[in-house]
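Visitor: Take this structure first; my questions come after.
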Amino acid sequence: MRAVFASVAGVLLLSFGSLCHAGAYSDGMSKCLVRSATADDKASLVVWMLVAISSHPAAKPYSQVTPKQRADAMVAAATVLDRLVLVACRREAVDVLRYEGPNALANSFELLGKIATQSLMVDPGVSRNLGLVGAYINSDGWSALGQEAGLPENGLSIR
């Protein structure tokens, strides 16, 4: 089961991309997870992902996650995962495991990860900070790229 949790973590972290192909049972599981997850559940999963990312060598200098904060994030995420899979979506979890296998169960979390991440990105502070990169973008280069692609003047505005 530890491998399934590692897979769930990977799927949640990679949920920024497009959704992978899902079978009927994993699709049903995905829908149940999204329907059953509260705003607090999504926040706990986002914190878990951020704490996990903070352990990467490139992110460590920008992160000051204490061991207690790391443990608290893991406990909160485990509590959410337990409730969602073992209680709220148990029937769907049994079906996806029976008919599509453990990888399909892990992949079922992709939509929930995507939605949880989107809820993070629409926060005004997060959006504002993401937009700050525009001050450092080569706007002339981007404008030239847009013109080369046939876009109208300022059709590829980065700022």
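Visitor: Only helices (runs of 4 or more DSSP H) wholly contained in the stretch 56-137 count here; list those with 1 or more residues that are surrounded by 13 or more Cβ atoms within 10 Å (Cβ to Cβ).
Guide: Values: elements: 67-82, 90-99, 102-107, 110-121, 124-131.
The helices (runs of 4 or more DSSP H) meeting that bar are 67-82, 90-99, 102-107, 110-121.
Visitor: Of the conditions (1) in a loop (DSSP other than H, G, I, E, B); (2) modelled with pLDDT under 95, SER7 clears all except one; give me its number.
Guide: Evaluating SER7 over (1) in a loop (DSSP other than H, G, I, E, B); (2) modelled with pLDDT under 95 leaves (1) as the failure.
Visitor: Now for a separate question. Within the stretch 108-115, is even one residue assigned by TED's automatic domain parsing to the domain that holds ILE53 and without any contact (Cβ under 8 Å) to a residue 40 or more places away in the chain?
Guide: Narrowing the stretch 108-115 to residues assigned by TED's automatic domain parsing to the domain that holds ILE53: 108-115.
With the extra rule that they be without any contact (Cβ under 8 Å) to a residue 40 or more places away in the chain, the set shrinks to none.
No, there is no match, as no residue in the stretch 108-115 is assigned by TED's automatic domain parsing to the domain that holds ILE53 and without any contact (Cβ under 8 Å) to a residue 40 or more places away in the chain.
Visitor: Consider TYR99 carefully, then state whether it is under 23 Å from MET29 (Cβ atoms) and more than 22 Å from the chain's Cα centre (by Cα). Working first, answer last.
Guide: Numbers: under 23 Å from MET29 (Cβ atoms): yes; more than 22 Å from the chain's Cα centre (by Cα): yes.
Answer is yes for this residue.
The values are calculated or read from the model by the stated rules, or taken from the named source; none is laboratory data. The structure displayed is predicted, hence computed values, not measured ones. Glycine also receives a Cβ, built like all others from the backbone with ideal geometry; neighbour counts cover every protein chain displayed.
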